[in-house]
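Notes to accompany the following structure.
The values are calculated or read from the model by the stated rules, or taken from the named source; none is laboratory data. None of the values given here were measured: they were computed from a predicted structure. For neighbour counting, all protein chains shown are included, and Cβ atoms are generated from backbone atoms with ideal geometry for every residue, glycine included.
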Amino acid sequence: MFGISIGALMSLVALGIVIVISCVKEEMNPGLLGIFFAIVVGTGFGGMTGAAVLNGWPVQLFMILLGVTFMFAMAQQNGTMTKFTAHAVRLAKGNTILIPVIIFLLVTFITTIGPGNIASTALMAPVAMAIATRIGMSAFLMTLIVVGAANGAAFSPFAPTGIISMGLVQKMAAGLGITQSVISLEWKIHLNSEVVQTIVNATGFFTLGGMAWIRKQRGEALDIDELAPKPEPYDTKQIITLAAIAALILLVIAPMLPGMKGLFPKWALQMLANVGTVAFLLSGLMLFCNVADVKESIKRVPWNVIILVCGVTVLIEVMEKTGGLKALVSLIAAISSPTTVHFWLGLFTGVISAYSSSSGVVMPMFLPLVPGLMKELSLMGTPEQMQHAIDMISSINIGAHLVDSSPLSTLGALCIACAGEHEDKNKLFRNLLLWGLSMSIVGAIACYLAFGLLHL
């Protein structure tokens, strides 16, 4: 019906197998399986050599992820991020109602500057759940705050998920006619995620018990020294680490500000154009200053996620060369219009992501479909071409991540593990599962409204 070749068909079958295995056997690392199937399909059905298949390994994406995650692994290992968190929580002083706002903003900030959604949730979940117990808030509501903030900010160009998105967009930039900086596009994608995910999670928070908690806590005060004891002052190594993080943000953002590009020499612009090179340079300076235990920091790098993303990308490269991506585009386009495509992208990514890796499997699978979908839906060459591209990318990213409050995801599981002893863990699991799975439908509707109708 769609003129699918045997190579294209086998690549789709291989991807389906990897998705199923990722849903039921995450410990097998679908990235490594992706490379296995890429070799089998590419050499057996695609007329490719083994070397050509392995050339699909995304070297630039790998290096950017390694540079940024290693830098923040050192910041976590030497206690800088933990101490920063304690100082931030103390800003509430004695006002109980400010606590959820501070936690939301704190998780958003930490995720945005580099550690990413998984690392920031791992850092904040124990603190947030202990605070929830102290202020009489349910673990369910605190999970919506922590995971909602982490995933909303996950597409920052400094964060691993944002880097993955940015790397995949960079690869299809020519096909989309993108001539401007991909980093500037990623900030728009990041903002879209912040707006939509915050609205959805805030609505859930206020309607499912948050308003009742606020009414109950009105006028209540707390002892901030009991809740978050004042930490020791930052030591020299931690001050150097904070300076490096600030430098990373400034050096990446500064060249994009109006009138700033002319102030930098050409060699500096070439260096600063890639967040990975900036992170490696700053990490090197941190190493010379001996700010952290290097071996322990290397262990904290999320190798499993990096291999997962890069391995699945190898399989997607083979799919593109064998015609599998084109076939998948045709299947989605057959049931879509330029408006409803956002609903379907949000739904498909949400359903698959509920049982699989959002950034490791779903994004590498769906983002490369954007140029083909735009051609199929006659959106190429229109005055709004760039807007349509950003909308589709945002629908895929948001649909894949709204479901991550589910206990089947790493983020939801971290929050359940850290919930107070007084919590009914079975009930918490059930409530988060219902919320997470319902987000595949809610996310699809939200993407349709935000990008199909409103074009945020």
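Residues that are more than 21 Å from THR410 (Cβ to Cβ), modelled with pLDDT under 95 and part of a helix (DSSP H, G or I): does region 137-151 have at least one?
No, because not a single residue in region 137-151 is more than 21 Å from THR410 (Cβ to Cβ), modelled with pLDDT under 95 and part of a helix (DSSP H, G or I).
Listed residues ILE17, ILE4, ILE39; which is outside any helix (DSSP H, G or I) and either of a type in the set (A, V, I, L, M, F, W, C) or out of contact with any Gly (no Cβ under 9 Å at 6 or more places or on another chain) (or both)?
ILE4
LEU66 is checked against (1) under 30 Å from LEU248 (Cβ atoms); (2) modelled with pLDDT under 90; (3) out of contact with any Lys or Arg (no Cβ under 8 Å at 6 or more places or on another chain); (4) crowded, with 17+ Cβ neighbours inside 10 Å and fails just one. What number does that condition carry?
(2)
Are any residues in region 166-196 of a type in the set (Val, Ile, Thr) and at pLDDT below 85, and if so, which ones?
ILE178, THR179, VAL182, ILE183
Does MET81 satisfy the condition of being in contact (Cβ under 8 Å) with a residue 40 or more places away in the chain, assigned to a loop (DSSP other than H, G, I, E, B), crowded, with 19+ Cβ neighbours inside 10 Å and not polar (S, T, N, Q)?
Judged against the criteria, MET81 is not a match.
From the list GLY412, GLY399, pick out the single residue that is assigned to a helix (DSSP H, G or I), within 19 Å of the chain's Cα centre (by Cα) and at pLDDT 90 or above.
GLY399 is the lone residue from the list that is assigned to a helix (DSSP H, G or I), within 19 Å of the chain's Cα centre (by Cα) and at pLDDT 90 or above.
Go through region 296-329 and count every residue that is β-branched (Val, Ile, Thr), more than 21 Å from the chain's Cα centre (by Cα) and modelled with pLDDT under 90.
1
Pairs needed: first member in region 428-456, farther than 28 Å from CYS23 by Cα; second member anywhere, of a type in the set (Asp, Glu) and crowded, with 21+ Cβ neighbours inside 10 Å; C-beta distance under 8 Å; at least 6 residues apart or different chains.
PHE451/ASP391; GLY452/ASP391; HIS455/ASP391; LEU456/ASP391
I'm checking my understanding of the structure. Among residues of region 207-225 that are in contact (Cβ under 8 Å) with a residue 40 or more places away in the chain and in a helix (DSSP H, G or I), which one is surrounded by the fewest Cβ atoms within 10 Å (Cβ to Cβ)?
LYS216
Out of the residues in region 363-386 meeting the condition of being at pLDDT below 90 and of a type in the set (S, T, N, Q), tell me which one is surrounded by the fewest Cβ atoms within 10 Å (Cβ to Cβ).
If we take residues in region 363-386 being at pLDDT below 90 and of a type in the set (S, T, N, Q), then THR382 is surrounded by the fewest Cβ atoms within 10 Å (Cβ to Cβ).
What are the residues in region 94-114 that are touching a helix residue (DSSP H, G or I) at 6+ places or on another chain (Cβ under 6 Å) and among the aromatic types (Phe, Trp, Tyr), if any?
Within region 94-114, PHE104 is the sole residue that qualifies.
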